[in-house]
1. Could you tell me how many of the residues in region 67-94 are farther than 14 Å from G189 by Cα, of a type in the set (A, V, I, L, M) and crowded, with 19+ Cβ neighbours inside 10 Å?
2. Criterion first (within 17 Å of A327 (Cα to Cα) and either open to solvent by 10 Å² or more (accessible area, probe 1.4 Å) or of a type in the set (V, I, T) (or both)) does V285 satisfy it?
3. With a cut-off of at least 3 residues that are at positive phi, name the helices (runs of 4 or more DSSP H) lying wholly within region 66-172.
4. Filtering region 434-455 down to residues that are without any contact (Cβ under 8 Å) to a residue 60 or more places away in the chain and not aliphatic (A, V, I, L, M), which residue is farthest from M322 (Cα to Cα)?
5. Would you pick out the residues in region 123-138 that are out of contact with any His (no Cβ under 8 Å at 6 or more places or on another chain) and open to solvent by 20 Å² or more (accessible area, probe 1.4 Å)?
6. Need the failing condition index for A657 against (1) open to solvent by less than 30 Å² (accessible area, probe 1.4 Å); (2) within 30 Å of E165 (Cα to Cα), just the number.
7. Among the residues of region 155-177, is there at least one that is small (G, A, S), at pLDDT 95 or above and either open to solvent by 10 Å² or more (accessible area, probe 1.4 Å) or more than 30 Å from I105 (Cβ to Cβ) (or both)?
8. Among what's in region 586-606 and is open to solvent by 10 Å² or more (accessible area, probe 1.4 Å) and in a helix (DSSP H, G or I), pick the residue that is farthest from Q674 (Cα to Cα).
Amino acid sequence: MKKIPLLLCVAVVATSMSIPAFAAESQTASTPIEITDPAHIPDVKWVEADETTGQIRLSSDGKDFIEADGLKFRDLNANGTLDVYEDWRNDSATRTADLVSQMNIDEKIGALFHVNDGGAFTSLYPYTEDYLWSNESTYTSGDTCYVPLYHSIISDNVTTYLRNENGTPAENVFKSNTMQKIAESGRLGIPVVSSCDRSYNSFAGMVNMSNYAFGVAHDPELLYNLVSIYAREEKALGIQVPLHTYGEELGSWYGDELNYIIEMATTEIKAYNDNGVNGCTKHYVARGGRNGYSSAKSDANLVDSWKAVWQAAVDAGTQQIMLNNGAFLNDCWTAYDKESIDVLRDMGYEGVIVTDWPMWTGLPSATGTTPDGRDLSAMSVGELYAVIFNAGIDQIGCFFMVDSEEVSQEVLDTMYPGMQQPQWQSAIKEQVEAGNISMEVLDAHVSRVMKNKFDLGLFDCPFVDLDEALALICSEEYIADPFDLTTIDDVYAARKAETNALEIELQTKSTVMLKNENNLLPLQAGTKVYVDGNSSETVELDKAAIAAYAEVVDSMEAADVVVARVTSLGDESELIIDDANDLDKPLVLVFQSGNNVNEVSAYEVNGADALLMTTYACTADHGSALGNFFTSTLPSVLADMIFGEKTPGGSLVYEIAKTADDAELQNKELAYDQGVDAKTRLYMVGLVRQNTMAQLPDNLGDVLFNANYGMKYGEDADITLSVLTVPKSVETVEVDSGSSTSTQTSAVNKKIAAGETFEVNFLAENKGGAGHVTAELYDNGNLIASEFVAVNAGSFRVITVEIALEAGEHVLTLGDMSQTVIVE
């Protein structure tokens, strides 16, 4: 396992680094740079803010400050004169217009790309001097080919980078300042914007934001507070654009109920905006989660539901939006569909629109037909660019620029072996020069990209300071004596106590207690516990944590209770359940879900005495991860919940269906329709068609668990079963009144054919907290069906049991209720 010290494996030398000139031959791997002073690039100069004069904070490296009216400004183009775009007293729009007027066409085209730094899915780590500072087209390390940062920023004029990188806060600061140092050396001193797929990347490649856990926690305040911390830390490290929220999509982290999605997604957007970064809300209209748009779209075509969440994001002030690589309104990806993009602009959105990665992995290609009937598959790369930018896209997400006008596989294989997602700036230039992309269109896209940089304050203070970052992010212990980060305990020790406390709060609030038969939980201290699971490493960690409360024994036979945490459901988990049941040992089953797709089934519900579902998972998203950090609910936190020191507080954002077929039959554009019949589902569609924001009931479906279900300690359920019903029919009888006869009709229990399956229904009402009972149905005194019935707090459900009977008279009994059925 690699150790990650604060004093970096890579760094800048103690004196100012000049930009090296390299020979023309291809660059190969160089030795990682030795760190001597990781705090910042040594010659960064600072001008501090002064409320008295109105001076704002400035930072610069190679460019001088100039003075005007007793104030200081950065001389970004080194002409000794205060240009309009250099004057921070002007508004962003004014500064942007002046800057764009000074940019040449190559600089403008470079602004149209949002590039993975190094030209690879994961940037080189640790860094080398050549990787950072070479002006060659490529740099090879091991078997991987990269594009050096200096070449990308200066020669390719790229100014926006996706950085899914690894390392400590100090390494992040070093990388950020190096990139800004390079960018500052450019003709106009245009700063770099850095994005990251990880909302929380302070300990990069070690831990991240646990997205789904926030949805399950149902706590907007907790979401705001933690995301605010993430945002402040990202900003302090030189990351300005977290590529989130992803919960904006229907069927993602925040479920599929529109009102809740909007509440949580707009809270997340506000947390980013309030703390100095711009979240890039994704993916318009929807790509992932449970329901990508193309797979979720139904005959009902509830397009207004999809639009509603994006209107809310625009209204909340999102400044960047990433597209979905899929279709929305027409038969082509949204990046080629002006009508779909116009929907966003008509909502009042004025920010940056970037495509998702990749538009293509190798040679440019596309399928489908544009709204005006053009075949994308027949187009050249230049023609594809013209469609993209004329559709209203501001930036293309990609890996690298090709330093050749030739578009061929031979060029890629020869110059960029093994690299993916190439782009040809020369093809865009040809389209501009030919008039297929007008300068007006080009300037509009560039202006949005540049204005965002002005709004973020990067033209004035692009550099960051390590001392300030450490004071914000790290514990005093870590700052005083940096230690290696090799375990999750090290990360917790290195972080601020406030961050750790909120993360632990999230872990408890995102754990859903689905079942607690006979109040098995919380366990009593001193209980003999056998700890099991399908991960030997996790088992050992859980043993150590549970040992603080209980006597951990070496066999199921010696245990009072079995506690098993499983990371997947299948043969291994079933074997644990079977073994515990065979030995008649109470089983606490903990399913480590970690995402919004995997769910428990009736097998786990019936086999476990207590059932917890944890959804906390802070695994580093995208790129490579460092070490073997434990990224699920901490063993100590799990033990605290099992023994009652903490309370599981989560509730489901989705129903859990009884069968896979029920889950598949749902309308994925609707909320809460799993397990309903076709007529009810159509009625729900009608409600949403009448009112997009209609709050649909969450208790209509015949499911294992309704959405919003979650048990709590000290909040016992109070469930009663009533109104037992069987199929009815209308019976007509003749009534003789003496003087005349007449017919009367009445509803009676329907006569059932032998062997025919029919439904028995009853009502389950809960006047207490969320919980469950077992409903037992008897036929002439014999148990014929046992149904697990879970009901949300203060709610009710209609429960359906399907049975088939032999011929004869049958008295069906449920509790103190009965119905007689004649079977013929």
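The values are calculated or read from the model by the stated rules, or taken from the named source; none is laboratory data. Bear in mind the structure is a predicted one, so any value in this text is a computation, not a measurement. Cβ atoms come from the backbone with ideal geometry, glycine included; neighbour counts cover every protein chain shown. Accessible surface is based on the protein model in full, side chains and every heavy atom, while ligands, DNA and RNA are left aside. Shrake-Rupley method; radii C 1.70, N 1.55, O 1.52, S 1.80 Å.
1. Of the residues in that region, 1 qualify.
2. On the way: within 17 Å of A327 (Cα to Cα): yes; either open to solvent by 10 Å² or more (accessible area, probe 1.4 Å) or of a type in the set (V, I, T) (or both): yes.
Judged against the criteria, V285 is a match.
3. Details: elements: 92-102, 105-110, 129-133.
Counting at least 3 such residues, we get no helices (runs of 4 or more DSSP H) at all.
4. Keep residues of region 434-455 that are without any contact (Cβ under 8 Å) to a residue 60 or more places away in the chain, which gives 434-441, 444.
From what is left, the residues that are not aliphatic (A, V, I, L, M) are 435-436, 438, 440.
Numbers: G435: 27, N436: 24, S438: 24, E440: 23 Å.
Per the stated criteria, the residue is G435.
5. So in region 123-138, the residues out of contact with any His (no Cβ under 8 Å at 6 or more places or on another chain) come out as 123-133, 138.
Result: Y125, P126, E129, D130.
6. Looking at each condition in turn, A657 falls short on (2).
7. Among the residues of region 155-177, at least one is small (G, A, S), at pLDDT 95 or above and either open to solvent by 10 Å² or more (accessible area, probe 1.4 Å) or more than 30 Å from I105 (Cβ to Cβ) (or both), which makes the answer yes.
8. Here the residue is N606.
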